[in-house]
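Quick notes on the structure that follows.
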Amino acid sequence: MPKTSPILPYLERKPQIETESAPPVLVLLHGRAAKAETIFSIEGLLSPALHILSIRATYDSPRGEFEWFAPYDYDHPLESFSEEHFAESEHILTNEIVQLLNERNISQDNLFLGGFSQGAAMCHILSMRGVLKPSGVIAMSGFFPRPILQWHIPMHRSEYLITHGTRDSILPTSESIFANDFYLRSGCNSEYYEYNGRHKMSIPMIEKVNSWISDRSRSNALR
């Protein structure tokens, strides 16, 4: 059973090996009609050096399980999606992540956000709002919430890895390409990784995530 914080349930896997420097912490956010256990199921494929926290979304989903956004026109998401659909989730999730890090005496210098589909969109929101200051953000098979285009770019610049399967029939690769182009124009270090797959995480993609986090963790340790 997930451990329960004051607001959202979560799952945790502590680092399985000792490292010379503080271990990177990866906060995982699941997609629509899923739960913390859904994305946490990949933890066995992730680096044993990672400290993993997987947090359950805010709202009951009409399709079963949970989702991050209040209902909007799913057939016309770009036209109908606004800040009111994610404001509550953003507030609750930001506070919860800060609380979890503080309780464990973890610096945001070691924080990585990783999300799939709706969870990827939440990663864009959290990193660009500027309250959280993650070292890196992994947005997997998601979409880029257009309200962000009206925000000021935060002084802290996270690094981004944006991944998408070429055979995704749920969300087009153009959404991840749009996000990557936005970050590059904004002066952020961003990489787009495309793989042969549907709307799900593949083993090659997870291997890419492991190596990407490892490279940035080593760089952080040398600062």
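Can you tell me which condition Gln16 does not meet? The list is (1) in contact with a Leu (Cβ under 9 Å, 6 or more places away or on another chain); (2) in a loop (DSSP other than H, G, I, E, B); (3) within 20 Å of Ile213 (Cβ to Cβ); (4) touching a residue at least 40 places away in the same chain (Cβ under 8 Å), and all the others hold.
Checking Gln16 against (1) in contact with a Leu (Cβ under 9 Å, 6 or more places away or on another chain); (2) in a loop (DSSP other than H, G, I, E, B); (3) within 20 Å of Ile213 (Cβ to Cβ); (4) touching a residue at least 40 places away in the same chain (Cβ under 8 Å), the one that fails is (4).
For region 69-109, how many residues are farther than 15 Å from Val25 by Cα and either touching a residue at least 60 places away in the same chain (Cβ under 8 Å) or hydrophobic (A, V, I, L, M, F, W, C) (or both)?
Within region 69-109, residues that are farther than 15 Å from Val25 by Cα and either touching a residue at least 60 places away in the same chain (Cβ under 8 Å) or hydrophobic (A, V, I, L, M, F, W, C) (or both) number 12.
Is it true that Asp75 is closer than 30 Å to Pro15 by Cβ and modelled with pLDDT under 95?
Against the criterion (closer than 30 Å to Pro15 by Cβ and modelled with pLDDT under 95), Asp75 does not qualify.
Could you list, ordered by first residue, the pairs with Cβ atoms under 6 Å in which the first is in region 144-165 and among the hydroxyl-bearing types (Ser, Thr, Tyr) and modelled with pLDDT of 95 or more and the second is surrounded by fewer than 22 Cβ atoms within 10 Å (Cβ to Cβ) and part of a strand (DSSP E or B), at least 6 apart or interchain?
Going by the 6 Å Cβ cut-off, the qualifying pairs are Tyr160/Ser190; Thr163/Tyr193.
Among (1) under 15 Å from the mean Cα position of the chain (by Cα); (2) at pLDDT 95 or above, which single condition is Gly130 missing?
Looking at each condition in turn, Gly130 falls short on (2).
How many residues are in a helix (DSSP H, G or I) and either buried (at least 21 other Cβ atoms within 10 Å of the Cβ) or not β-branched (Val, Ile, Thr) (or both) if we restrict to region 121-180?
19
Return the residue satisfying two criteria in turn: it lies in region 70-92 and is in contact with a Ser or Thr (Cβ under 7 Å, 6 or more places away or on another chain) and surrounded by 13 or more Cβ atoms within 10 Å (Cβ to Cβ), and of such residues it is farthest from Pro145 (Cα to Cα).
Filtering region 70-92 for residues that are in contact with a Ser or Thr (Cβ under 7 Å, 6 or more places away or on another chain) and surrounded by 13 or more Cβ atoms within 10 Å (Cβ to Cβ), the one farthest from Pro145 (Cα to Cα) comes out as Ile92.
The values are calculated or read from the model by the stated rules, or taken from the named source; none is laboratory data. Remember, predicted model here, so these are calculated numbers, not experimental data. Every residue, glycine as well, gets a Cβ built from its backbone with ideal geometry; the counts of neighbours run over all protein chains shown.
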